[in-house]
Amino acid sequence: MNEKIAIYPGSFDPLTNGHLDILARALKIFDKIIVAVAATELKKPLFSIAERVKMIKTATLNLKNVEAESFSGLLVDYALQKKANALIRGLRAVSDFEYEFQMALMNRHLAKHSKNQNHVETVYLMPDEKYTYLSSTLVKEVVRLGGDAKNFVPKFIELALIKKFKSSHAKIHL
Ligand code: PNS
């Protein structure tokens, strides 16, 4: 039987407990999940791509069937190259919906019109209620302003955030 492979794409700047919650749910459905950090030039991330991939690898060391790497270019091309025909995204609130809806349909269109006319579907998973208000952007702001992020990210990521914000020019990257 063919392995069911899904890509979990995102910026992951940084990975949060909300992302880990979605990942755990996705692992119940798929045989293998590739957490894929987008190398986009549009956003100004706080952590480098290598740092983000490393953080994901560390946080998922105890999870079987999870890989982490970066990708550039179109997500669908990357997914098809990895023989994945599903994309995982977390859906927290109605405010996420419009952007997610557009992306899902665009990705489906792009895959269908690709060389091999492949199929790519996006699977949306809802995180535990306690993460519905959580985002990487908010975690960065909380830590930057001296707040406690222990319930939002793994400890080693909280420490990495504190270290980043110790250099004052990092404060502009929110
Ligand atoms: O965590 P984010 O920032 O919401 O993730 C957005 C991401 C990385 C999934 C999206 O920007 C993306 O897929 N980028 C790759 C380039 C691409 O394929 N763009 C067209 C998507 S419709």
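The values are calculated or read from the model by the stated rules, or taken from the named source; none is laboratory data. What you see is a predicted model, and the numbers here were worked out from it, not measured in a lab. A quick note on method: Cβ atoms are made from the backbone with ideal geometry, for glycine too, and the neighbour counts reach across all protein chains shown. Only protein heavy atoms, including side chains, enter the accessible area calculation; ligands, DNA and RNA are left aside. Shrake-Rupley method; radii C 1.70, N 1.55, O 1.52, S 1.80 Å.
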Residue pairs qualifying under the 8 Å Cβ cut-off, at least six apart or on distinct chains, with the first in the range 87-112 being near the ligand (Cβ under 9 Å from one of its atoms) and the second being open to solvent by 40 Å² or more (accessible area, probe 1.4 Å) and among the basic types (Lys, Arg), are 100/89; 103/89; 104/89
Checked the range 39-52 for anything open to solvent by 20 Å² or more (accessible area, probe 1.4 Å) and either within 16 Å of the ligand (Cβ to nearest atom) or in contact (Cβ under 8 Å) with a residue 60 or more places away in the chain (or both); matches are 39, 40, 41, 42, 43, 44, 45, 48, 49, 51
Within the range 70-86, restricting to residues that are open to solvent by less than 70 Å² (accessible area, probe 1.4 Å) and in a helix (DSSP H, G or I), the one that is nearest to the ligand (Cβ to nearest atom) is 75
Of the residues in the range 53-69 that are among the hydrophobic types (A, V, I, L, M, F, W, C) and part of a loop (DSSP other than H, G, I, E, B), the one that is surrounded by the most Cβ atoms within 10 Å (Cβ to Cβ) is 63
Those residues of the range 113-140 which are away from the ligand (no atom under 11 Å from the Cβ), assigned to a loop (DSSP other than H, G, I, E, B) and modelled with pLDDT of 95 or more amount to 126, 127, 128, 134
Scanning the range 18-33 residue by residue, the ones that are within 15 Å of the ligand (Cβ to nearest atom) and either buried (at least 21 other Cβ atoms within 10 Å of the Cβ) or under 21 Å from residue 78 (Cβ atoms) (or both) total 6
